[in-house]
Every structure is written in structure tokens, then in C-alpha cells.
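The values are calculated or read from the model by the stated rules, or taken from the named source; none is laboratory data. Treat the numbers as computed from the prediction; the structure is a model and nothing was measured. Ideal geometry is used to build each Cβ from the backbone, glycine not excepted, and the neighbour counts take in all protein chains shown. These accessible areas exclude ligands, DNA and RNA; they are computed on the full protein's heavy atoms, side chains included. Shrake-Rupley method; radii C 1.70, N 1.55, O 1.52, S 1.80 Å.
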Amino acid sequence: MRSEPVVQVRGLVKRYGPKTAVDGLDLSVRAGTVTAVLGPNGAGKTTTVEICEGYRGADAGTVRVLGLDPVADAARLRPRIGVMLQSGGVYSGARAEEMLCHVASLHAHPVNVGHLIERLGLGSCGRTPYRRLSGGQQQRLALAMAVVGRPELVFLDEPTAGLDPQARHATWDLVRELRADGVTVVLTTHFMDEAEKLADDVAIIDGGRVVAQDSPEELCRGGAENTLRFTGRPGLDVVSLLKALPPDCAAVELTPGSYRVTGTVDPQLLATVTSWCAQHGVMPDRISVERHTLEDVFLELTGKELRA
């Protein structure tokens, strides 16, 4: 396991004429992890990833991928990374299987093509020209092309866009397998549940900068006032319950028999509430913990207005 970051971006700037797409962005990706890059349309996430892949040059700042400059050291870097583009990158007339075999032939120790075709459900369309594949089939072929060379690092751009639920879960399983094999994965996605389920780290980009980066759990914990709810018989002694709780908590009976505790909800608080109920002969009919989702945090940081 590498001790230094696999991807290290410092002060990245990219302009398109008068428009600044990336404005002093910092990003770090740990080895052997899945990092999800999130952001509204036009936030700069795709430009940032394309610079890391070596497809675009930076106007300012430093970018190191596997310790190399993606542009100056492209010949040394490209055999070690896999790239899944959201669209394009395939000859329109090429058949799916022959395109994957061609990409595999460019690598010294590729994954078995037949296994990968079966794994991603491409067997039925192996002889179909790329232009005649469905959107979901094109996505799965692009994913196969990105991983067939056994890369150390994989960039996946919207890997499950347009996929049905079965293909989506198959893609998630493949991403998990890559991580288990020590491969570092950087993916962009608009699906918050995808980021929550797959990512070790989430980087939220807005206005050309990373506005937050942490694990999904820490991002949700830091941006939420947690709430515990339970139901029991009406008229419980809320004042007594409040005395048993930590100082930062509040307790209230919202409607007869429905109670809400707010504050820092952790295992100790849950144990305190259930212990108080047991001491007072209360059998909670239902107890639940509510937390902000990653989508809640995303909207808090980037706003709710529509982006062009």
C-alpha cells in the first residue's frame, strides 16, 4: 500500500477564455480507496478529472497521479491507469467484443476477456457494432475497456448512468472487487446513494473548488442535527428523560405517545434512552435514528438552485 496519495492536486486552475472552470482546487486520493467526486453541473469536476487523466492541461497548479505528471509523463502513466469516458472513445463500427479484445492486446497482463464479457453481461451483444448498442450496453463496454488492462488506478465517469438496476448493482460489485484487489478508484456520479454505498471518501466540488472532502459518514455527521424518535404510552415524564440525557440534548412529546430527542445521537445516547425507558416500565413501540443523508449535505453546501 502506497503511503503517499495516488492522486495529489494542489492549486489547480483551468480557464476557458473568460470563464474559470477550476479555481485553485485541492484534491487528494488515498491508495486502495474509492473516491467519489460530486458536484453540480458546471462545478468543475469533469475538467478536474480530465486533467488528472492527462486529456487536458492545467493553467496553474500541480497535479501528480501515481507520482507522475499526467501530461509530461503520459507515456509512463497511461499503461498504469484505466479511464472510462461517459461517451465516445470507441470506433462506431467496431463490434463490442473485438473492441475489448483490441484494448486487452495493448496491455501486458490483461484480464480474461471472456470472463469480463460474462461478468458484465455483454455476451449477447459481442458481435454488435458499437453504434447499435443500447446506452446501457455502451456504458458496460466502456467500463470493461477501463479495467481490462489490470490498472492500478481507474477513473470512472458516471459509470452507472443509463443502467438498469441489475447492471447498476453488477457495476457496484465490480468496483468493490477492484478495491478489494488494491485498485484505487475515482468516480464521478450524480447518484448520492451510489457515493454513500461505494465511496471511502467523497469530494464535493462547487465553483471550481473542493468545498468538502471526507468519508460519507463524517460528512453526514458533521452537517446534521441528529434526531432519535420513539413511540410509547402518552404522557411520559419528559423532564425526567431530559435529566438523564447529555447537556446538548432536547426532548419533547410531539403528539400523544410520540417523542423526539435531538442532539448528538450516538450509541451511548441510544443506550441512555432505552435504559430510561426500561427503568420507567416503558416498552417503545418503535425507535428510530434519523440522520442527514449525503444528498442533504450536498444541497446544504452547493445550494438548491438549478444549474445550467
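Electrostatic bookkeeping for A104 treats Lys and Arg as +1 and Asp and Glu as -1; over the other residues with beta carbon under 13 Å from its beta carbon, the sum is -1. Would you mind pulling out the separation of the Cα centroids of the stretch 234-308 and the stretch 171-199, in Å? Using only Cα atoms to place each centre, the spacing works out to 31 Å.
Taking only protein heavy atoms and a 1.4 Å probe, the accessible area of the chain is 50% carbon and sulfur. The GluC sites (Glu not before Pro) of the stretch 207-290 that DSSP puts in a loop, and whose beta carbon has at most 16 other beta carbons within 10 Å, are E225. Working from Cα pairs under 8 Å separated by at least six residues, relative contact order for the chain is 20 percent. Restricting the trypsin sites (Lys or Arg not before Pro) of the stretch 120-170 to loop positions (DSSP other than H, G, I, E, B) with no more than 14 neighbouring Cβ atoms within 10 Å leaves R127.
Comparing T262, T171, T62 in a Gaussian network model of the chain (Cα springs below 10 Å), the most mobile by mean-square fluctuation is T262.
Taking every DSSP bridge with both residues inside the chain, close to 70 percent are antiparallel. By the rule of a C-alpha distance below 20 Å, with chain neighbours fewer than 8 residues away ignored, the lysines paired with K304 are K45. The residues of the chain expose on average 49 square angstrom of accessible surface per residue, using a 1.4 Å probe on protein heavy atoms.
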